[in-house]
Amino acid sequence: MYKIIEHTADVGIEAYGATIEEAFENAAKGMFAIITNDGHIESKQKRKIEIDFDADEEILLVDWLTELLYLHDVEGLVFGEFEVRINKKLVGYAYGEKYDRQKHGYGIEIKAVTYHMLEIKRNKKGVTIKVLFDI
Amino acid sequence: MWSGPLNKVGDYRYEIPKSYRGINGNLKMKVPALIYASDEMLPAIRKDNAPEQTANVATLPGIVGKSLAMPDIHWGYGFPIGGVAATDAEEGVISPGGVGFDINCGVRLVRTNMSIGDINKETIKQLVDELFRNVPSGVGSQAKVRLNKMQLNEVLEMGARWAVENGYGWEEDLEYLEENGCMEIADSNYVSEKAKDRGKAQVGSLGAGNHFLEIQRVAEIFDEEAAKVYGIEKDQIVVMIHTGSRGCGHQICSDYLRVLEQAVRKYNISLPDRQLACAPLKSNEGERYFKAMACAANFAWANRQMIVHWVRESFERVLRQNAEDMEMHIVYDVCHNIAKIEEHEVDGKKMEVCVHRKGATRSFGPGRKEVPAKYRNVGQPVLIPGDMGTESYLLKGTNQAEEAFGSTCHGAGRVMSRAEAKRRWRGREIAHMLEQKGIYAHPASWIVMAEESPDAYKDVSQVVSATHGAGLSLKVAKMIPLGVVKG
C-alpha cells in the first residue's frame, strides 16, 4: 500500500509494509504510479537489481529507487511488481514492460529521489516510508 | 509560516542578520543573508521555509559576502531555489545542493527576421506541430540520435562545440552561449557509467515538467538601445527553449550527493541540513564533483544546441526557406543551475570565488570579458522564462549585480501543486483559454495542460520588476507566446 503526497512544487509517496522489504516494494510501486498516472503495468520483463547495503537504510532506499529510475530512463521500462530481499545487500526483482503513453497513462517525469524529509519508521503494524522526488 | 527576522536594509533588500540563531536556536551563520524582494512579495516568501534555508546556507565553510536569494525564492532541497552563494575558491566548499539535480537547466533565445504580420495562425500551428514531431519531449521521451560511448564522452567534455562540429548548428552559435557552451574543466572520467547511459538515452530531448519550447512574439520593448544591440524589435518572431541536462545531470547529482555525504564526515563539516552536503573545492571529492558537474553542464549545452538545430530545420520545412535567410541567430543562452569559478569583488578586494546559482541567472554588466564582444557595451542578455502561456522576459545584466556576484532571478516558480491544478481545471479548458489569447499549445498530454496552467505559477512580471527595481538586471523586452510545445 502507498499514498501519493503533494506539496506546491513537489511530489512524493508514503509507503507501508509489514516488513522493510514490503515497504521498499510499495515505495517503488508508488513511484511508477506517479510516472504513469496510476496506469496498469503488465509483468512482461524482469530486471534484477543488486545494491550493497554499506550505509544506512535511508541511503539504501534512495539507491533502490534511483536504480529503477535509471532502468526507466535507459531502457524505457515501467514496473508494476517488485520482490525485495535485504540482507548484507539488497537483491530486488522488478517486473514490467516498455512504457507506452497510450496504454499506461501520462504522469509526471521524476528527475531524482531526494533525501528531504526522508523517513523510515517502524511501529507495531510494520514499516512506513516517506520519500520526496525532484520533478 | 517563517517568522524569523527580515530587516529592510534598502529598496528591495531584506536582511537576515548574522545574529539569527535559526528555528532550532543553534544556527551559526558565518555571514548575513539577503533576500531581494518587493514589499508585496514578503508574505508569500514567508509562507514556506525558504528564508530559513537562505540562513542555513550562510553556515557553509568559506562562504563570502552574503548568502543571497532572488525575488523568485522558494523552498528547495537544502539550498532554496533562487539561492546564490559564493565560496572562497581556495578555502571554501562546493555543494551539489547549491546547483540542483537539473545541472545547467537553462534558457536559449533564437531570433528570426519575421514579424507577426508575416506569419498567420495556421502557420504557427504547423510550426508547433512540426516542432513537436521533430524534438523529442515528454515523460519517457528518448533520444532520436544514438551516440556511442566515445561520442558521449566528447559531448560531456566539449559541450555545444561537439554538437556544432557534428552538424547541429552554426559555428557562430558558440559565441552567444554562456561559457561558449563549454566548461573546460569537465572530465568524463569522473562521470559514472550510469549517468552516461542516461545521457545516451536522452541526448537531444526536451523532457517534461516546466520545460518548454515556445514560438513567441516580442510584445513590448523597454530599452530600445539594448534591444537593437541584441537584434530584437517589436512584433518580431522569436523562439525560446527551456531545458537542461536530463537524466545525465540528475544521475551525476544523485551520485555525488552520496560521495559528498561521506565527505562531510571525513572533513568534519557541521551542517544544519543533510542536503547541504559539500566538500572543500580543493579536496579530491570536491574536485571530482566539480569536473563531473561541468560534464553535465556541457551535456545541457549540447542538448539545447541539438534542439536549436531541429528548430531551424522545422522552420525550414514549414516555411520553405533557409534558416540563414530567416536570420535564425542565437540571441543568447543562460544557465540557471550551476556552480562556476568567477572573479568578483569581496569587501573591496578582487578574488576568485565559486558562485553557486540554484535557480538564479548570471547577470554580467557592461565591460566584463565574459560578455560577447557584440554585447559588451550594454551587458549580457538575461533570459527569464515565464510559464506556459504567460510572458517571458529579455533583460540586460548590470554592474550593480556585482553585489550579488553578478546574479539575478530565473523565473516564476509554482504557487499551486499539480494535484490541486488538476482538481481545478481540465486540460482542454486550459487549451481553450490559451486559444482565446491567441496561443496554440501542443502538449504531450492534456493532463500536462492542467498541471502547467498559468495560474499555478507565480506572476513572473512581479519577479522581473523586483530585480529591475533592485538593479540586478534591467528590462529590455517582453515576449508573449504564440505557440507552445510542452513535454
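The values are calculated or read from the model by the stated rules, or taken from the named source; none is laboratory data. Since the model is a prediction, treat every value here as computed from it, not as a measurement. Cβ: placed from backbone, ideal geometry, glycine included. Neighbour counts: every protein chain shown. Only protein heavy atoms, including side chains, enter the accessible area calculation; ligands, DNA and RNA are left aside. Shrake-Rupley method; radii C 1.70, N 1.55, O 1.52, S 1.80 Å.
Conditions (1) aliphatic (A, V, I, L, M); (2) open to solvent by 10 Å² or more (accessible area, probe 1.4 Å); (3) within 14 Å of chain A (Cβ to nearest Cβ), marked per residue:
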| residue | (1), (2), (3) |
| --- | --- |
| B:Ser19 | no, yes, no |
| B:Glu40 | no, yes, no |
| B:Leu60 | yes, no, no |
| B:Val64 | yes, yes, no |
| B:Asp72 | no, no, yes |
| B:Trp75 | no, yes, yes |
| B:Gly78 | no, no, yes |
| B:Gly82 | no, no, yes |
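If the requirement is being more than 14 Å from every other protein chain (Cβ to nearest Cβ), in a helix (DSSP H, G or I) and in contact (Cβ under 8 Å) with a residue 24 or more places away in the chain, which of these qualifies: B:Glu175, B:Glu214? Step through it out loud before you land on a result.
Working: B:Glu214 fails: in a helix (DSSP H, G or I).
The match here is B:Glu175.
Residue by residue through region A:77-101, note down the ones that are in contact with a strand residue (DSSP E or B) (Cβ under 8 Å, 6 or more places away or on another chain), facing chain B (nearest Cβ under 10 Å) and either open to solvent by less than 10 Å² (accessible area, probe 1.4 Å) or without any contact (Cβ under 8 Å) to a residue 12 or more places away in the chain (or both).
Correct list: A:Leu77, A:Val78.
Under the condition of being open to solvent by 10 Å² or more (accessible area, probe 1.4 Å) and not acidic (Asp, Glu), which residue from region B:337-357 is farthest from B:Val31 (Cα to Cα)?
Here the residue is B:Asn337.
Restricting to region B:258-282, what's the tally of residues that are farther than 20 Å from B:Val84 by Cα and within 13 Å of another protein chain (Cβ to nearest Cβ)?
6
Going by what's in this entry, would A:His104 be described as within 23 Å of B:Val448 (Cα to Cα), at pLDDT below 95 and buried (at least 22 other Cβ atoms within 10 Å of the Cβ)? It would help to see each step written out before you state the result.
Numbers: within 23 Å of B:Val448 (Cα to Cα): yes; at pLDDT below 95: yes; buried (at least 22 other Cβ atoms within 10 Å of the Cβ): yes.
Spelling it out, A:His104 is indeed within 23 Å of B:Val448 (Cα to Cα), at pLDDT below 95 and buried (at least 22 other Cβ atoms within 10 Å of the Cβ).
Can you find, within region A:49-76, the residue that is surrounded by the fewest Cβ atoms within 10 Å (Cβ to Cβ) among those that are within 13 Å of chain B (Cβ to nearest Cβ) and in a strand (DSSP E or B)?
Start the filter on region A:49-76 by keeping residues that are within 13 Å of chain B (Cβ to nearest Cβ), which leaves A:49, A:51-52, A:54-56, A:58-76.
Now narrow it down to the ones that are in a strand (DSSP E or B): A:49, A:51-52.
Working: A:Ile49: 18, A:Ile51: 17, A:Asp52: 10.
Within region A:49-76, the match that is surrounded by the fewest Cβ atoms within 10 Å (Cβ to Cβ) is A:Asp52.
Take the conditions touching a Gly at 6+ places or on another chain (Cβ under 6 Å), more than 14 Å from chain A (Cβ to nearest Cβ) and modelled with pLDDT of 95 or more and apply them to B:Ile116. Does it pass? First the steps, then the outcome.
Numbers: touching a Gly at 6+ places or on another chain (Cβ under 6 Å): no; more than 14 Å from chain A (Cβ to nearest Cβ): yes; modelled with pLDDT of 95 or more: yes.
It is false that B:Ile116 is touching a Gly at 6+ places or on another chain (Cβ under 6 Å), more than 14 Å from chain A (Cβ to nearest Cβ) and modelled with pLDDT of 95 or more.
Would you point out the residue of region A:1-41, among those that are farther than 20 Å from B:Ala456 by Cα and part of a strand (DSSP E or B), that is farthest from the other protein chains (Cβ to nearest Cβ)?
Looking at residues that are farther than 20 Å from B:Ala456 by Cα and part of a strand (DSSP E or B), I get A:Gly17.
Would you please list the contacts, defined by Cβ atoms under 7 Å and residues six or more apart or on different chains, that run from a residue in region B:247-269 that is within 15 Å of A:Phe133 (Cβ to Cβ) to a residue that is of a type in the set (A, V, I, L, M, F, W, C) and assigned to a helix (DSSP H, G or I)?
Note: pairs meeting the criteria are B:Gly247/B:Ala201; B:Gln251/B:Ala195.
Among the residues of region B:464-484, are any open to solvent by 10 Å² or more (accessible area, probe 1.4 Å), in contact with a His (Cβ under 6 Å, 6 or more places away or on another chain) and either within 25 Å of B:Ile330 (Cα to Cα) or within 14 Å of chain A (Cβ to nearest Cβ) (or both)? Steps first, please.
So in region B:464-484, the residues open to solvent by 10 Å² or more (accessible area, probe 1.4 Å) come out as B:465, B:468-469, B:471, B:474-475, B:478, B:480, B:482.
Pick out the ones that are also in contact with a His (Cβ under 6 Å, 6 or more places away or on another chain) and you get B:474-475.
Then drop every residue that is not either within 25 Å of B:Ile330 (Cα to Cα) or within 14 Å of chain A (Cβ to nearest Cβ) (or both), which leaves B:474-475.
There is at least one residue in region B:464-484 that is open to solvent by 10 Å² or more (accessible area, probe 1.4 Å), in contact with a His (Cβ under 6 Å, 6 or more places away or on another chain) and either within 25 Å of B:Ile330 (Cα to Cα) or within 14 Å of chain A (Cβ to nearest Cβ) (or both).
Being surrounded by fewer than 21 Cβ atoms within 10 Å (Cβ to Cβ), more than 26 Å from B:Pro481 (Cβ to Cβ) and either more than 14 Å from chain A (Cβ to nearest Cβ) or not polar (S, T, N, Q) (or both) is the requirement here; does B:Asn180 meet it? Break it down into steps so the answer makes sense when it comes.
Working: surrounded by fewer than 21 Cβ atoms within 10 Å (Cβ to Cβ): yes; more than 26 Å from B:Pro481 (Cβ to Cβ): yes; either more than 14 Å from chain A (Cβ to nearest Cβ) or not polar (S, T, N, Q) (or both): yes.
In short, yes.
Check B:Ala186, B:Ala208 and return the single one that is within 12 Å of chain A (Cβ to nearest Cβ) and either in contact with a Cys (Cβ under 9 Å, 6 or more places away or on another chain) or outside any strand (DSSP E or B) (or both). Working first, answer last.
Values: B:Ala186 fails: within 12 Å of chain A (Cβ to nearest Cβ).
Only one candidate passes the filter, namely B:Ala208.
Please pick out the residue among B:Arg304, B:Arg312, B:Arg288 that is under 24 Å from B:Glu154 (Cα atoms), touching a Phe, Trp or Tyr at 6+ places or on another chain (Cβ under 8 Å) and modelled with pLDDT of 95 or more. It would help to see each step written out before you state the result.
Values: B:Arg304 fails: touching a Phe, Trp or Tyr at 6+ places or on another chain (Cβ under 8 Å); B:Arg312 fails: touching a Phe, Trp or Tyr at 6+ places or on another chain (Cβ under 8 Å).
When all the criteria are applied, what remains is B:Arg288.
Only one of (1) in a loop (DSSP other than H, G, I, E, B); (2) within 14 Å of chain A (Cβ to nearest Cβ); (3) open to solvent by 40 Å² or more (accessible area, probe 1.4 Å) fails for B:Pro136. Which number is that?
B:Pro136 satisfies every listed condition except (3).
Considering only region B:44-58, how many residues are farther than 19 Å from B:Val464 by Cβ and open to solvent by 30 Å² or more (accessible area, probe 1.4 Å)?
4
Considering region A:89-112 alone, what residues qualify as being farther than 22 Å from A:Ile20 by Cα and of a type in the set (Lys, Arg)?
Scanning region A:89-112 gives A:Lys98, A:Arg101, A:Lys103, A:Lys111.
Consider B:Ile241 against the criteria (1) within 14 Å of another protein chain (Cβ to nearest Cβ); (2) in contact with a helix residue (DSSP H, G or I) (Cβ under 6 Å, 6 or more places away or on another chain); (3) within 19 Å of B:Leu174 (Cβ to Cβ): it satisfies all of them except one. Which criterion is unmet?
(1)
Working only within region B:367-398, note down all residues that are out of contact with any Ser or Thr (no Cβ under 7 Å at 6 or more places or on another chain), part of a loop (DSSP other than H, G, I, E, B) and more than 30 Å from B:Glu452 (Cα to Cα). Break it down stepwise before answering.
Kept after step one, since they are out of contact with any Ser or Thr (no Cβ under 7 Å at 6 or more places or on another chain), are these residues of region B:367-398: B:367-378, B:381, B:383, B:387-390, B:392-394.
Subsequent filtering for residues that are part of a loop (DSSP other than H, G, I, E, B) retains B:367-372, B:376-378, B:387-390.
B:Gly367, B:Arg368, B:Lys369, B:Glu370, B:Val371, B:Pro372, B:Arg376, B:Asn377, B:Val378 - these are the residues of region B:367-398 that are out of contact with any Ser or Thr (no Cβ under 7 Å at 6 or more places or on another chain), part of a loop (DSSP other than H, G, I, E, B) and more than 30 Å from B:Glu452 (Cα to Cα).
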